[in-house]
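Okay, so here's the structure we're looking at.
The values are calculated or read from the model by the stated rules, or taken from the named source; none is laboratory data. Everything numeric here is computed off the predicted structure, so don't read it as measured data. Using ideal geometry, Cβ is built from the backbone for each residue, glycine included, and neighbour counts are taken over all protein chains shown.
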Amino acid sequence: MTSVTLAPTAPETAAGPETHLVRRYVPAQQVIHWIGVISFFLLLLTGVALLFPPLSFLAKGGTSGVIHRIGAIAFILLPALYLLRMPRKALELVRESFTYGREELAWFKHMPGYFLGSTRNLPPQGRLNAGQKLHHAATFLMFNTVTLSGLIMWFGKGQLGPEGLSAVVIVHDISMLGLSVMMIGHVYFTFLYGALSGMVTGKVSEEYARMEHSKWYESLQAETPAAAEKTEARPAE
């Protein structure tokens with residue numbers, strides 16, 4: 001007998017005989033994702049306490065300010081962590097987020113139906129569909145504006161003057177509002193299409209992969225026989 005081991009990205013079979021799962025994210029991506037989620041909500045909640053008088057009691061004693069800075073450090077370091085841990089995947093993510101072809105542009109025509117849960121007649125998509133690309137691109141841009149404005153407020157507000165500080169605060173608040181809208185949309189579509197398992201277990205259902213990322217799924221299927229052939233000659237353990 002021979003021992004056959006599929007590649008890490010190949011479709012995997014779960015415990016159930018008819019439930020097939022596909023590896024979509026590696027553990028490092030999952031960890032970075034959840035650090036981002038936690039740090040974002042720390043920033044959002046502590047920031048809201050400073051903006052809205054009814055919640056100002058949360059900012060008393062300076063505790064919320066300390067938590068805000070801790071969240072900011074984790075948030076700012078995330079891209080560096082991603083780049084150091086997975087440089088190829090990080091660069092691919094940025095490149096794909098700003099690359100749109102015919103199929104992505106055609107996908108946007110179906111966006112109203114997709115928003116309501118319909119995936120009929122969607123053009124085939126790669127590892128990221130057009131909506132995810134738009135989400136990542138917008139998040140990337142707003143991450144930079146919220147980070148830059150936050151650092152200026154943290155270390156340089158004494159040199160700005162009243163008008164300069166007001167302008168930076170506006171940029172910071174608008175950027176955070178935009179990121180909040182992106183987060184709401186992200187959570188909405190995650191639960192609408194049952195994609196939460198991707199960041200919990202690193203795997204998604206075969207049905208989801210076919211529905212949302214058919215081109216990507218087909219590329220995995222094409223890799224599977226090649227991976228099996230490479231390991232076919234290994235002696236049994």
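Restricting attention to segment 164-211, the residues being on the phi > 0 side of the Ramachandran plot and without any contact (Cβ under 8 Å) to a residue 40 or more places away in the chain number 1.
Is it the case, given these coordinates, that Gly47 is crowded, with 17+ Cβ neighbours inside 10 Å and modelled with pLDDT of 65 or more? Yes, satisfied. Scan segment 81-101 and tell me whether some residue there is farther than 22 Å from Gly198 by Cα and of a type in the set (D, E, K, R). Within segment 81-101, not a single residue is farther than 22 Å from Gly198 by Cα and of a type in the set (D, E, K, R). Within the set Glu237, Glu223, Glu232, the sole residue that is in contact with a strand residue (DSSP E or B) (Cβ under 7 Å, 6 or more places away or on another chain) and either among the hydroxyl-bearing types (Ser, Thr, Tyr) or modelled with pLDDT under 90 (or both) turns out to be Glu232.
Considering (1) within 20 Å of Gly198 (Cβ to Cβ); (2) without any contact (Cβ under 8 Å) to a residue 12 or more places away in the chain, the lone condition that Leu141 does not fulfil carries the number (1).
For segment 166-200, the candidate set comprises residues that are among the polar types (S, T, N, Q) and over 15 Å from the mean Cα position of the chain (by Cα); within that set, the residue that is nearest to Ile76 (Cα to Cα) is Ser175. The condition (being of a type outside the set (S, T, N, Q) and farther than 28 Å from Phe75 by Cβ) is satisfied by just one residue among Glu163, Glu92, Glu104: Glu104. Could you go through segment 118-126 and let me know if any residue there is touching a residue at least 40 places away in the same chain (Cβ under 8 Å) and basic (Lys, Arg). No.
Within segment 189-203, the set of residues being within 20 Å of Ala28 (Cα to Cα) and either among the β-branched types (Val, Ile, Thr) or not in a helix (DSSP H, G or I) (or both) comprises Thr190, Ala195, Leu196, Val200, Thr201, Gly202, Lys203. All conditions in (1) touching a residue at least 24 places away in the same chain (Cβ under 8 Å); (2) more than 27 Å from Leu43 (Cα to Cα) hold for Leu81, with the sole exception of (2).
If you go through segment 102-138 and keep only what is surrounded by 18 or more Cβ atoms within 10 Å (Cβ to Cβ) and over 18 Å from Ala195 (Cα atoms), you end up with Glu104, Trp107, Pro123.
Reported count of residues in segment 84-94, each being free of Cβ contacts under 8 Å to residues at least 12 places away in the same chain and more than 14 Å from Gln132 (Cβ to Cβ), is 5.
Selection of helices (runs of 4 or more DSSP H) fully inside segment 81-152 by the criterion of at least 1 residues being among the acidic types (Asp, Glu), over 19 Å from Val31 (Cα atoms) and out of contact with any Pro (no Cβ under 9 Å at 6 or more places or on another chain) returns 87-97.
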